[in-house]
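The values are calculated or read from the model by the stated rules, or taken from the named source; none is laboratory data. Bear in mind that the values here come from a model prediction, so they are computed numbers and not experimental data. In this analysis, Cβ positions are derived from the backbone assuming ideal geometry, glycine residues included, and neighbour counts consider all displayed protein chains. Accessible surface areas use protein heavy atoms only, side chains included; no ligands, DNA or RNA. Shrake-Rupley method; radii C 1.70, N 1.55, O 1.52, S 1.80 Å.
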Amino acid sequence: MKLSLGPLLYYWPRQSVLDFYAGIADSTADIVHLGETVCSRRHELRLDDWLEVAAMLADAGKEAVLSTQSLIESESDLKTLRRLCTQTRFRVEANDMGAVRLLAEAGRRDWIAGPTLNIFNPHTLDLMVQSGATRWVVPPEMSGTQLDEIRNALPGALEAEVFAYGRLPLAHSARCFTARHYNLQKDTCEFRCLGISDGLSLSTREGEPFLTLNGVQTQSARVHNLLADLPALANSAEVLRISPQGSHTREIVELFRTALDARQTPKAAFDASLPLMPDAPCNGFWHGKPGVDQLVSA
Amino acid sequence: MNSSQQIELVCPAGSLPALKTAIDHGANCVYLGFKDATNARNFTGLNFDPRQMRDGIAYAHQRGGKVLLALNTYPQAGNWSSWTAAVDRAAEMGIDAVILADPGLMAYAAKTHPQLRLHLSVQGSATSYEAINFYHERFGIQRAVLPRVLSLPQVEQVIANTAVEIEVFGFGGLCVMVEGRCALSAYATGESPNCNGACSPGKHVRWEQTPKGMETRLNGILIDRFADGERAGYPTLCKGRFEVNDETYYAIEEPTSLNTLELLPELARIGVRAIKIEGRQRSPAYVAQVTKVWRAALDQVMRAPDDFKALPAWMADLNKVSEGQSHTLGAYYRPWK
């Protein structure tokens, strides 16, 4: 079982990003996804910077993957996308069908089908395999049972990667909810999301944390945490994704590693993760329930 | 504007009476769904059984209208055959096009029914010509419905770079998230637009009068609270009032409708081929009102695009049936973002 670090979904200052990945270089993560996937206005690191970080991580023995932006709107978004899809050094995670088209055109047979491609059945997954996908990041809302049904229909077709830790990316919009909060327009947002390391917390009028505003992305408030579900996961997926949070991401990676190596039980690792999380845990999606639910694992 | 390119008016038909109303008031096309999870408006009391669909197609065809079938949710491994059966049934009935989101289902439809016209649903989340051309090359789609996230110049850019006809949303409930990319409802209730065809489904809704006011909840989660005399809205979770940094407001979107009537000459100029009216869950009276206004507006823009003016009476009629009696240009208008 491999551990992967998902793309950084927040907008951190340049030096924080570089320090973070320097720390990841000597972590036990196997795969690291890089690049700006949320908002094209975020420029602390440009594509060339990401390529440098990717090279550094590759030298440290990691598999570096470049992730494409989830929501493509402008011609300049397409320009960046084309550069990502035509570079040949690193594998690419395709997060929309435009990327799939460009990767197929470039003759790539090694790309990763990202979580926003909406692959919910074996027929669509097979189309992606025929187009050159060799790994598939399962949509976070898919249950373990649904995943098993797809894998049984297409045994051994490709590696499956499951979102195992982090605030759930739930929605994308043309609107920036962070800018809206500060009464700013998206085009003149003053980069207010810069440095909000875990997003802006949105609560109900009863003060119950519900969602997280991260620019044009909306996330869960709760932290999806499948540490206690590891035994079932091991039969369903080859790769577990940990989504970087504002703090303790490396410790979380190591907790997954110790549990996978049976140096502690999944339940003990889950308990140890609780004080490291920015909010309460949830795992409902994996169990076919509302995502917000936290179910005790057998 | 290229006068040879007419803009089709695509109206919602949640029921047979709504379909007849839309056709009678000048819709070029109606779109509808079966009574199950194969379409994104899987609500109780809505949609068509096969017999109603047959009647609806006959009614529309006799009057020169077209019928489009939305099969725009994502089938799963365990229920795949329900979606393929729906495609087969639609093809047999002589439907004018099927509106699909799932590539696997498109491949099935293109192979099994090569004569069947395919439209890419807004649920397919294709926002660029690269994505739209992917579906065109692989499955021969002839039309794509754009998610409500692009500005007018961005829509123009898409149209300029694809052979696929482009349909845009013109009026109705405003989905503020990229369609097909929203799991908020699944997070709160376990049912999603993608997989179950429902957003904020009614069976999870609760209204409760409390000393603090009327509270609306979705699966127990407080979506909004209304003062006495304030009209309590349906708890669609992205249109509730929440707290961010101790401020309570519509943090995601106000309850309001999209209305692009005043953009019609621009939409025509850039080559939009069809305008979609949202609202399969609304009454035939809504369909009649909205279709009538949009038919008149489209006729005028086709006749004299340079002289087009969105008449105050049209806007007033549309505002009457808008959510919160207000409207927005949404993402077409850049500052909205």
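In debye, nearest 20: dipole of the range B:28-179 around its Cα centre with unit charges on the Cβ of K, R (+) and D, E (-)? All intermediate terms of the calculation are to be shown ahead of the outcome.
Numbers: 12 positive and 13 negative charges, 64 e Å.
It comes to approximately 300 debye.
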(message) Can you say what percent of the DSSP beta bridges in the protein assembly as shown, counting only those with both residues inside, are antiparallel? Round to 5.
(response) 40
(message) Just to be sure I understand the model, the point goes 7 Å from the Cα along the line to the Cβ. What's the resulting A:A153 to B:K309 distance in nm?
(response) 5.7
(request) Give, rounded to the nearest 20 debye, the magnitude of the charge dipole that the range A:1-160 has about its Cα centre when Lys and Arg contribute +1 at Cβ and Asp and Glu contribute -1 at Cβ. (result) 300
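Just tell me how shielded B:106-115 is by partners: mean number of partner chain Cβ atoms within 10 Å of each residue's Cβ, no decimals. Walk me through the intermediate numbers first.
Details: counts 3, 5, 1, 0, 0, 0, 0, 0, 0, 0.
The shielding value for this peptide is 1.
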(request) Tell me which residues come under 5 Å, amide H to amide H, from B:C175 once H is placed; ignore anything under 5 positions away on its chain. (result) none
(request) With just the Cα atoms of chain B, tell me how far they stretch along each of the three principal axes, in Å, largest first. (result) 60, 54, 38
(request) Using only the Cα atoms of chain A, each taken as one equal point scatterer with no solvent, compute I(q) by the Debye sum, divide by I(0), and report log10 of the ratio at q = 0.07, 0.11, 0.13, 0.15 Å⁻¹. (result) -0.24, -0.63, -0.91, -1.25
(request) Summarise the partner chain shielding of A:214-221 as one whole number: the mean count of Cβ atoms from other chains within 10 Å of each residue's Cβ. (result) 3
(message) Residues of the range A:210-224 with backbone nitrogen within less than 17 Å of a virtual label 7 Å along the Cα-to-Cβ line of A:F191, please, listed as ranges.
(response) A:215-216
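Around A:L276, what is the net charge, scoring Lys/Arg as +1 and Asp/Glu as -1 over all other residues with Cβ under 12 Å from its Cβ? If you can, show how the numbers build up before the last one.
Numbers: positive: A:R250; negative: A:E251, A:E254, A:D271, A:D279.
Around A:L276, the surrounding residues sum to -3.
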(request) Just read off the accessible area of A:I196 with the full protein assembly in place, 1.4 Å probe, to the nearest 10 Å². (result) 40
(request) Return the single residue from B:N161, B:N194, B:N28 with maximal mean-square fluctuation; model: Gaussian network over chain B, springs between Cα atoms under 10 Å. (result) B:N161
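Pairs of Cα atoms under 8 Å, at least six residues apart: use those to get the relative contact order of the range A:100-197, whole percent.
Numbers: 93 pairs, mean separation 21.4, N = 98.
It comes to 22 percent, rounded to a whole number.
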(message) With +1 on the Cβ of every Lys and Arg and -1 on the Cβ of every Asp and Glu, and nothing else charged, how large is the dipole of the range B:184-249 about its Cα centre, in debye rounded to the nearest 20?
(response) 240
(message) I want the local charge near B:K239. Using Cβ-Cβ distances under 10 Å, sum +1 for each Lys or Arg and -1 for each Asp or Glu among the other residues.
(response) -3
(message) What are the ³J(HN,Hα) couplings of the range B:282-287, residue after residue, when phi is run through the Karplus curve with 6.51, -1.76, 1.60 and θ = phi - 60°? Round to Hz, x for glycine and proline.
(response) 8, 7, x, 5, 4, 4
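Roughly how crowded by other chains is peptide A:147-153, in terms of the mean Cβ count from those chains within 10 Å of each of its Cβ atoms?
Working: counts 1, 1, 5, 3, 1, 1, 3.
What the average comes to for A:147-153 is 2.
So for each of A:1-7, A:71-77, A:82-88 I average, over its residues, the number of other beta carbons within 10 Å; can you give me the resulting order with the highest mean first?
Numbers: A:1-7: 22.6, A:71-77: 19.1, A:82-88: 15.6.
Taking the mean over residues of other Cβ atoms within 10 Å, the ranking is A:1-7, A:71-77, A:82-88.
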(message) For A:V223, what residues show an amide H to amide H distance below 5 Å, using hydrogens built from the backbone and excluding near sequence neighbours?
(response) A:D279, A:A280, A:C282
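Relative contact order (percent) for the range B:184-249, with alpha-carbon contacts under 8 angstrom and 6 or more residues of separation? Before the final figure, lay out each step's value.
Values: 103 pairs, mean separation 14.2, N = 66.
The value is 22 percent.
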(request) Among the listed pairs B:K212/B:K320; A:K186/B:K276; A:K79/A:K186; B:K239/B:K320; B:K203/B:K239; A:K186/B:K320, give every one whose C-alpha distance is greater than 24 Å. (result) B:K212/B:K320; A:K186/B:K276; A:K186/B:K320
(message) Which residue, A:Y21, A:M97, A:A259, has the largest displacement toward the positive end of the dipole of chain A when charges sit on each Cβ (Lys, Arg +1; Asp, Glu -1)?
(response) A:M97
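Suppose R0 equals 56 Å. What FRET efficiency, 1/(1 + (r/R0)^6) with r the Cβ-Cβ distance, do A:N235 and B:D246 give to the nearest 0.05?
0.80
Rounded to the nearest 100 Å², what is the sum over both chains of accessible area buried where B meets A, with a probe of 1.4 Å? Can you show the working numbers first?
Working: alone 14970 and 13120 Å², together 22350 Å².
The B and A chains share an interface burying roughly 5700 Å².
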(message) Through the Karplus equation 6.51 cos²θ - 1.76 cosθ + 1.60, θ set to phi - 60°, convert the phi angles of the range B:308-322 into ³J(HN,Hα) values in whole Hz; use x for Gly and Pro.
(response) 5, 9, 6, 5, x, 5, 4, 4, 5, 5, 6, 4, 4, 9, 7
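How much length would be gained if the chain were fully extended between B:E254 and B:H61, taking 0.36 nm per residue of separation minus their Cα-Cα distance, in nm to one decimal? Could the numbers behind the result be given before it?
On the way: separation 193, 0.36 × 193 = 69.48 nm, distance 3.89 nm.
Taking 0.36 nm per residue and subtracting the Cα distance, the gain is 65.6 nm.
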(message) Spelling out what I want: for every residue of the range A:224-236, take phi, set θ = phi - 60°, compute 6.51 cos²θ - 1.76 cosθ + 1.60 (Karplus), and round to whole Hz; glycine and proline get x.
(response) 5, 9, 9, 4, 6, 9, 3, x, 5, 4, 4, 8, 10
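What's the ranking of B:55-64, A:8-17, A:278-287 by average number of surrounding C-beta atoms within 10 Å, highest first? Walk me through the numbers before you get to the answer.
Details: B:55-64: 15.7, A:8-17: 18.9, A:278-287: 21.2.
By packing density, highest mean first, the sequence is A:278-287, A:8-17, B:55-64.
Quickly estimate the mean residue ellipticity at 222 nm for chain B, helices only: each DSSP H run with n ≥ 4 gives -39500 (n - 2.57), and the total goes over all residues, rounded to 500.
Numbers: 11 runs with 112 residues, N = 337.
Using -39500 (n - 2.57) per qualifying helix, the result is -10000 deg cm²/dmol.
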(request) Please label the shape of the protein assembly as shown as rounded, prolate or oblate, based on the square roots a ≥ b ≥ c of the eigenvalues of the alpha-carbon gyration tensor (a/c under 1.5 means rounded; beyond that, a/b larger than b/c means prolate, else oblate). (result) prolate
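Over chain A, calculate the relative contact order: mean separation of alpha carbon pairs under 8 Å at least 6 apart, over the residue count, as a percent.
Values: 563 pairs, mean separation 56.9, N = 298.
Relative contact order comes out at 19 percent.
Report, in deg cm²/dmol and to the nearest 500, the calculated mean residue ellipticity at 222 nm for chain A, where each DSSP H run with n ≥ 4 adds -39500 (n - 2.57) and the sum is divided by the residue count.
Helix-only estimate at 222 nm: -9500 deg cm²/dmol.
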(message) Amide H of B:F48 versus every other amide H placed in the peptide plane: which residues, excluding those fewer than 5 positions away on the same chain, fall under 5 Å?
(response) B:G33, B:F34, B:K35
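Could you compute Rg(Cα) / (2.2 N^0.38 Å) for the range B:39-155, with N its residue count? Don't skip to the answer; put the middle values down first.
Details: Rg = 14.6 Å, N = 117, 2.2 N^0.38 = 13.4 Å.
The range B:39-155 yields a ratio of 1.09.
With Cβ to Cβ distances under 13 Å as the rule, what net charge do the other residues near A:R167 carry (K, R +1; D, E -1)? Write down the numbers at each step before the final one.
Working: positive: A:R222, A:R241; negative: A:D198, A:D279.
Overall, the nearby charge balance is 0.
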